[in-house]
Amino acid sequence: MMKLDFSQLNKQAKQSFSNQHAVIKKVMQGKVVACEKCGQPLVLITPEQSEQPGIGCIKGCTFISLEFA
Ligand SMILES: [Zn+2]
């Protein structure tokens with residue numbers, strides 16, 4: 001039987017959430033943030049540009065969906 005360590009899982013999820021928040025903040029401020037995987041700059045995708053607005057790289061390996069009120 002496998003043991004799952006949920007405390008570690010929650011910790012990682014929390015960390016990735018705060019990382020995403022930091023990335024969103026930087027991109028909103030007009031700072032260049034590179035994708036962790038491909039190194040391409042992350043860009044803001046507005047609701048006018050796509051039905052799925054968010055922040056992501058051109059290759060799509062990083063995507064953080066945003067909700068625009
Ligand atoms: Zn990428």
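The values are calculated or read from the model by the stated rules, or taken from the named source; none is laboratory data. Just so we're clear, the structure is a prediction, and the values are computed from it rather than from any experiment. Don't worry about glycine lacking a Cβ; one is built from the backbone with ideal geometry, like all the others, and counts go over all protein chains shown. Just so you know, the surface numbers come from the protein's heavy atoms only, side chains and all, with ligands and any DNA or RNA stripped out. Shrake-Rupley method; radii C 1.70, N 1.55, O 1.52, S 1.80 Å.
Which distance in nm do the two modelled labels at residue 22 and residue 4 give, with both placed 7 Å along the Cα-to-Cβ direction?
2.8
Taking amide H atoms as placed 1.01 Å from N in the peptide plane, list the residues 5 or more away in sequence, or in a different chain, whose amide H sits under 5 Å from that of residue 43.
HN-HN under 5 Å from residue 43: 56, 57.
Quick check: at a probe of 1.4 Å, how many percent of the accessible area of the chain sits on carbon and sulfur atoms?
Result for the chain: 55 percent of the exposed heavy-atom area is carbon or sulfur.
What are the ³J(HN,Hα) values, in whole Hz, obtained from phi via the Karplus relation 6.51 cos²θ - 1.76 cosθ + 1.60 with θ = phi - 60°, for each residue of segment 24-33 in sequence order, with x given for Gly and Pro?
4, 4, 5, 5, 4, 7, x, 7, 8, 10
Per residue, how much accessible area does segment 7-65 show when a 1.4 Å probe rolls over the protein heavy atoms, in square angstrom?
Ligands and nucleic acids excluded, the figure is 77 Å² per residue.
Can you work out ³J(HN,Hα) from phi for every residue in segment 51-59, in order, using Karplus 6.51 cos²θ - 1.76 cosθ + 1.60 and θ = phi - 60°, giving whole Hz and x for Gly and Pro?
Computed from phi, the couplings for segment 51-59 are 6, 10, x, x, 10, x, 8, 5, 7 Hz.
Using +1 at the C-beta of Lys and Arg and -1 at the C-beta of Asp and Glu, which of 2, 46, 57 has the Cα lying farthest in the positive direction of the dipole of the chain?
The one lying farthest along the dipole's positive direction is 2.
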